[in-house]
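Accompanying notes for the structure given below.
The values are calculated or read from the model by the stated rules, or taken from the named source; none is laboratory data. Keep in mind that this is a model prediction, so the values were computed, not measured. Quick reminder, even Gly has a Cβ in these numbers, built from the backbone with ideal geometry, and neighbours come from all protein chains shown.
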Amino acid sequence: MEEDEELWNTMVNDFGPDRKQTGKWQEIYPSNAFIGNYLRLELLSNAEIYDKLESDICGYFDYMAKRTGTLWEHDSIKASCNHGFASHVLVWLDHLGYIYDL
């Protein structure tokens, strides 16, 4: 945030699950599910930008869950399609109110 507002706004608004489609920042190689996308989502969560967090979780992971019922190590099926670290998504879903105590 305050330390470098331009960089923060770029990370929040220009990077995300649709960056390849928008063609923004082509000189920067796109991050992948583990760990780049997770770090960005963690920053959104810590900053309590929950609307963007929710949207980006769907953008990053919906197609994975629909295709295999799991979350993957990469954004394609070229590696682990059942990656344990992906369970961290549950922490964000809890922050968003999707996880309830039974």
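List every residue pair whose Cβ atoms lie under 8 Å apart, where the two residues are 6 or more positions apart in sequence or sit on different chains, the first residue falls within the range 55-74 and is farther than 15 Å from G16 by Cα, and the second residue, located anywhere, is loosely packed, with under 12 Cβ neighbours inside 10 Å and of a type in the set (S, T, Y).
L71/S87
For residues that are closer than 16 Å to D56 by Cα and of a type in the set (F, W, Y), scanning just the range 88-102, find the one that is surrounded by the fewest Cβ atoms within 10 Å (Cβ to Cβ).
Of everything passing the filter in the range 88-102, Y98 is surrounded by the fewest Cβ atoms within 10 Å (Cβ to Cβ).
With the requirement that a residue be acidic (D, E) and within 12 Å of the chain's Cα centre (by Cα), what does the range 35-68 give you? Give the derivation first.
Taking the range 35-68 as the starting set, the residues that turn out to be acidic (D, E) are 42, 48, 51, 54, 56, 62.
Within the range 35-68, E42, E54, D56, D62 qualify.
Please determine, by comparing only the residues of the range 37-87 that are in a helix (DSSP H, G or I) and modelled with pLDDT under 90, which one is surrounded by the most Cβ atoms within 10 Å (Cβ to Cβ).
Going through the qualifying residues, I end up with A86.
Between residues in the range 79-102 that are more than 16 Å from N37 (Cβ to Cβ) and residues that are of a type outside the set (S, T, Y) and part of a helix (DSSP H, G or I), which pairs lie under 6 Å by C-beta distance while being six or more apart or on different chains?
The qualifying pairs are L96/E54; I99/L93.
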